[in-house]
Amino acid sequence: MAKKKSRAAPPPPEIINAGPHQWLPVDVNWDTLTKAERKATVITALRNRDVDTLWSVTEHNMLLYGRGGSHTSEHTLRAYRTGVWKFLQFALPLGWKRLTEYDVDLTVGYLRALERAGVTPGTINSRRSAARALYRALRWAGVLHADPFADTPRAQDHEERWSKREAYSREDVAGLMAVADPDEQLLILLGAHGALRISEMIGLTWERIDLERRTMTITGKGRKTARVHLSGPLHAALSAVPESDRAGYILPWRNPKTVRMLLRALCNLAGVKYQKRQVHGLRHAAATMLLEQTGDLYVVSRHLRHSSISTTETYAKANPKKLVDAIANWDEET
């Protein structure tokens, strides 16, 4: 009797660089399902590689039990949705049952595949967080009982945090202002003077602006609300808007991608570097310019609304001008 040849196991898939998934709405009311129905629905989705339903249960679980709850931002949901899609691209071809098991080989293999693809440690950890959200939803659905990512270490970033803080200089900001129209100037000043993040810029409304007191009320990360003082140029730009137009949103753009494309175009027009700065580099500009002007980390921390001044210290390391000047003028006799 001839021996049956053993079939070699297929090699693990690499990260698939497919285009964005065309997300479709899912007609599932997770609140009304029994535990058994919930489990059956998710298992069917795994078997059918139904990414839309798997994201639907993940989103529902995030909004119900996640740290942000029902206040979780659209930006966060978009990032997690992309992360879930990337992980499922990797995991489902290996067999749907592996997602119902405590399979550390699968989760570690995913992170290693990201490393081989040249993904940065920060992005790898973001992808890990999104995949963990999926596993929390699978646990909630009764499909598995433990999260294998609990024993899957985060990617280690050996690059100093301060070295990533690339900011637009005063000259860069002036160059951008010179080629921008009034709406674009407001965008630049909200970032470079107001130190707003991109989601805070496009979500800011006129009802949160107090021109008389020269302040604006910002709800930022973690739904924390703070009062931010307006610089002279930012106050002037806001005051220049006709009173008849002071309703609704400050900026006319609602999509972060549009804002990124706009700032890139302005950088090209002004001859200013955009790479490794992007829109968030405007907020870094606010930090570095204010620190250079005041020399007070506490003032900078308050303006940027940092929960810890240790975060603000990153900007001091990013600008070694004082250290360079001190070394250059060192009194050799002392």
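From the list Ala130, Ala141, Ala45, the lone residue that is of a type in the set (A, V, I, L, M, F, W, C) and either surrounded by fewer than 20 Cβ atoms within 10 Å (Cβ to Cβ) or under 30 Å from Lys224 (Cα atoms) (or both) is Ala130.
Per-residue answers, yes or no, for (1) at pLDDT 95 or above; (2) over 23 Å from Glu74 (Cβ atoms):
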| site | (1), (2) |
| --- | --- |
| Arg165 | no, yes |
| Tyr168 | no, yes |
| Ala174 | yes, yes |
| Ala180 | yes, yes |
| Gln185 | yes, yes |
| Leu190 | yes, no |
| Arg197 | no, no |
| Gly203 | no, no |
| Glu207 | yes, no |
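For the stretch 234-251, filtering for residues that are surrounded by 13 or more Cβ atoms within 10 Å (Cβ to Cβ), of a type outside the set (D, E, K, R) and outside any helix (DSSP H, G or I) leaves 4. Residues in the stretch 91-99 include at least one that is more than 30 Å from Leu204 (Cβ to Cβ), in contact (Cβ under 8 Å) with a residue 60 or more places away in the chain and either surrounded by fewer than 18 Cβ atoms within 10 Å (Cβ to Cβ) or of a type in the set (Gly, Ala, Ser) (or both).
Once the stretch 66-116 is narrowed to residues that are under 20 Å from the mean Cα position of the chain (by Cα) and in a loop (DSSP other than H, G, I, E, B), the residue that is farthest from Gly220 (Cα to Cα) is Gly66.
Does Glu37 fit the bill of being acidic (Asp, Glu) and farther than 17 Å from Phe149 by Cβ?
Criteria met by Glu37.
Kindly indicate the residue of the stretch 263-285 that is without any contact (Cβ under 8 Å) to a residue 24 or more places away in the chain and part of a helix (DSSP H, G or I) and also surrounded by the most Cβ atoms within 10 Å (Cβ to Cβ) among those meeting that condition.
Taking the stretch 263-285 and keeping what is without any contact (Cβ under 8 Å) to a residue 24 or more places away in the chain, we get 264-265, 268, 274-275, 278.
If we keep only those that are part of a helix (DSSP H, G or I) as well, we get 264-265, 268.
Details: Arg264: 15, Ala265: 13, Asn268: 11.
Taking the candidates together, the pick is Arg264.
Which of the residues that make up the stretch 176-229 are at positive phi and either of a type in the set (S, T, N, Q) or touching a helix residue (DSSP H, G or I) at 6+ places or on another chain (Cβ under 8 Å) (or both)? Across the stretch 176-229, the qualifying residues are Ala195, Arg214, Arg223.
Residue-level analysis places Arg302 outside the set of residues that are in a helix (DSSP H, G or I), out of contact with any Gly (no Cβ under 6 Å at 6 or more places or on another chain) and under 18 Å from Ala180 (Cα atoms).
If you go through the stretch 48-75 and keep only what is out of contact with any helix residue (DSSP H, G or I) (no Cβ under 6 Å at 6 or more places or on another chain), free of Cβ contacts under 8 Å to residues at least 60 places away in the same chain and surrounded by 17 or more Cβ atoms within 10 Å (Cβ to Cβ), you end up with Asp50, Ser56, Glu59.
When Arg254 is tested against (1) in a helix (DSSP H, G or I); (2) closer than 18 Å to Glu184 by Cβ, just one condition goes unmet, and that condition is (1).
When you look at Gly175, is it of a type in the set (Gly, Ala, Ser), touching a residue at least 60 places away in the same chain (Cβ under 8 Å) and more than 22 Å from Leu111 (Cα to Cα), yes or no?
Working: of a type in the set (Gly, Ala, Ser): yes; touching a residue at least 60 places away in the same chain (Cβ under 8 Å): yes; more than 22 Å from Leu111 (Cα to Cα): yes.
Criteria met by Gly175.
Which of the residues belonging to the stretch 73-93 are farther than 21 Å from Leu63 by Cα and either not aromatic (Phe, Trp, Tyr) or not assigned by TED's automatic domain parsing to the domain that holds Gly122 (or both)? Result: Gln89, Ala91, Leu92, Pro93.
The values are calculated or read from the model by the stated rules, or taken from the named source; none is laboratory data. Computed from a prediction, not measured in an experiment: that's the story for all the values here. So basically every Cβ, Gly included, is an ideal-geometry build from the backbone, and we count neighbours across all protein chains shown.
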